[in-house]
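The block underneath contains the structure these notes are about, expressed in structure tokens.
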Amino acid sequence: MTALIISGKDIAENLLDNELVPRVEALKAKGVTPRLIVILIGDHAASASYVRQKEKFAERAGIVAETWRYNDSVTEAKILEEIKNINEDASIHGVIVQLPVPDHISVEKILRAIHPSKDVDGFTPENVGQLFLGEPTLECCTPKGIIRMIEASGEDLNGKHVVVVGRSNIVGKPVAILALNKNATVTICHSRTKDLEAQIAQADILIVAVGRPEMIKGDQIPEGCTVIDVGIHRKEGGGLCGDVEFASAVKKARAISPVPGGVGPMTVFCLIENTIEAAEKLS
Ligand code: GUN
């Protein structure tokens, strides 16, 4: 049996036409055009590529996305001042600071400066807290996108064992909480986990966000598992790969997300959806 390929790209395209465009049209009829500011610091190649994808998708949804670019040497004070101005500007509905930022800028300080109602990345302590409490909020984009992909693949999270590999603040931890809020039983694994193989062997749903190329192989994946691969890496010989070795994993999984065309487009989709949601609430 070959696995179902969970195309985040197709899901995002479908939802763009059927959900986002009508919501933007309704806002425009009220005289509101959702506006997103992306703060991009320095010339990180991957960030530049992600930001382009965000701009393109925003344009297709009919919203305004502006990238405000700053040199590596920009001061933290300058970025904090820009965020303060954005918070006070009623024509702006969402702002994100593309990560990573240079070492002299504190991510914590920057994120705490963003008003939670405009925090369309869902990274501020307030929005993370709401997510933790299971209250409606602007949810972080990659975790939100992952849950939608799992559900779109026909999997009900209720009562399922979800194993998350990776404990970052932007993927591993929040996706574990979202899965828990859907009544899954959740295990979070990380670099100090003693027997990773034994944990993975229990998964109905496996979410891998470790940032190591093809770390998880097919022989580790339980038969019939739903696999979500969050990693994206350039291969030495060209092309892209994820944190999961796709060729072997596809033989064991019930359903698996590809790289590229899996989680990435859903992250972008959720960012634009959050911006529309923020505009609906703020207007
Ligand atoms: N860098 C990698 N992923 C993300 C993301 O989802 N949001 C932001 N702001 N930066 C990132």
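Each value in this text was obtained by applying a stated rule to the coordinates, not by laboratory testing. This structure is a prediction, so every number in the text was calculated from the model and none was measured. Counting neighbours? That spans all protein chains shown, and the Cβs are built from the backbone with ideal geometry, glycine included.
Exposure proxy check: L138, L180, L133, L27 ranked by fewest other beta carbons within 10 Å?
L133, L180, L27, L138
Do you know the relative contact order of the chain, to the nearest whole percent, from alpha carbon pairs under 8 angstrom that are 6+ apart? Before the final figure, lay out each step's value.
Numbers: 556 pairs, mean separation 63.8, N = 283.
The value is 23 percent.
Stokes-Einstein diffusion coefficient for region 168-224 at 10 °C in a medium of 1.306 mPa s, Rh from the Kirkwood formula over Cα pairs: what value in µm²/s?
Details: Rh = 12.3 Å.
The calculation lands on 129 µm²/s.
Which residue, chosen from S191, L36, T137, occupies the Cα position most advanced towards the positive end of the dipole of the chain, where the dipole is computed from +1 (Lys, Arg) and -1 (Asp, Glu) charges on Cβ about the Cα centre?
After comparing all options, I get S191.
Hey, quick one: spin label on N71, modelled 7 Å out along Cα-Cβ, who in region 28-53 has an amide N within reach, i.e. under 17 Å?
Of the residues in region 28-53, 40-44 have backbone N under 17 Å from the label point off N71.
Normalised by the number of residues in region 1-101, what is the relative contact order in percent for Cα pairs under 8 Å and 6+ residues apart? Spell out each step's value before the answer.
Values: 97 pairs, mean separation 35.8, N = 101.
Value for region 1-101: 35 percent.
Over region 231-281, what number does the Rg to Rh ratio reach, with both radii from the alpha-carbon atoms and Rh per Kirkwood?
Numbers: Rg = 15.0 Å, Rh = 12.9 Å.
Reported Rg/Rh (Cα atoms, Kirkwood Rh): 1.17.
Sort H190, H104 by Cβ crowding within 10 Å, fewest neighbours at the top.
Working: H190 13, H104 10.
Final ranking by Cβ density, sparse to dense: H104, H190.
Top mean-square fluctuation among D72, D204, D89, Gaussian network model of the chain, C-alpha springs under 10 Å?
Top of the fluctuation ranking is D89.
When the helices in the chain are scored as -39500 (n - 2.57) per DSSP H run of 4 or longer and the sum is shared across all residues, what 222 nm value do you end up with, to the nearest 500 deg cm²/dmol? Don't skip to the answer; put the middle values down first.
Values: 11 runs with 114 residues, N = 283.
Helix-only estimate at 222 nm: -12000 deg cm²/dmol.
Using every Cα-Cα pair within region 163-283, state what percent have a distance larger than 26 Å.
Summing the P(r) of region 163-283 above 26 Å gives 22 percent of all pairs.
Only helices at least 20 Å long along their axis, Cα-based, and averaging -1.0 or more on Kyte-Doolittle count here, so list those DSSP H runs from the chain.
45-61, 263-282
How big is the charge dipole of region 199-251 about its Cα centre, in debye rounded to the nearest 20, if each Lys and Arg gets +1 on its Cβ and each Asp and Glu gets -1 on its Cβ? Please list the in-between numbers first.
Working: 5 positive and 8 negative charges, 34 e Å.
About 160 debye.
How big is the shadow of the Cα convex hull of region 9-113, averaged over all directions, in nm²? Could the numbers behind the result be given before it?
On the way: hull surface 28.8 nm².
One quarter of the hull surface, i.e. the mean projection, equals 7.2 nm².
Tell me, E273, E155, E81 in order of fewest to most beta-carbon neighbours within 10 Å?
By the 10 Å Cβ count, ascending: E81, E155, E273.
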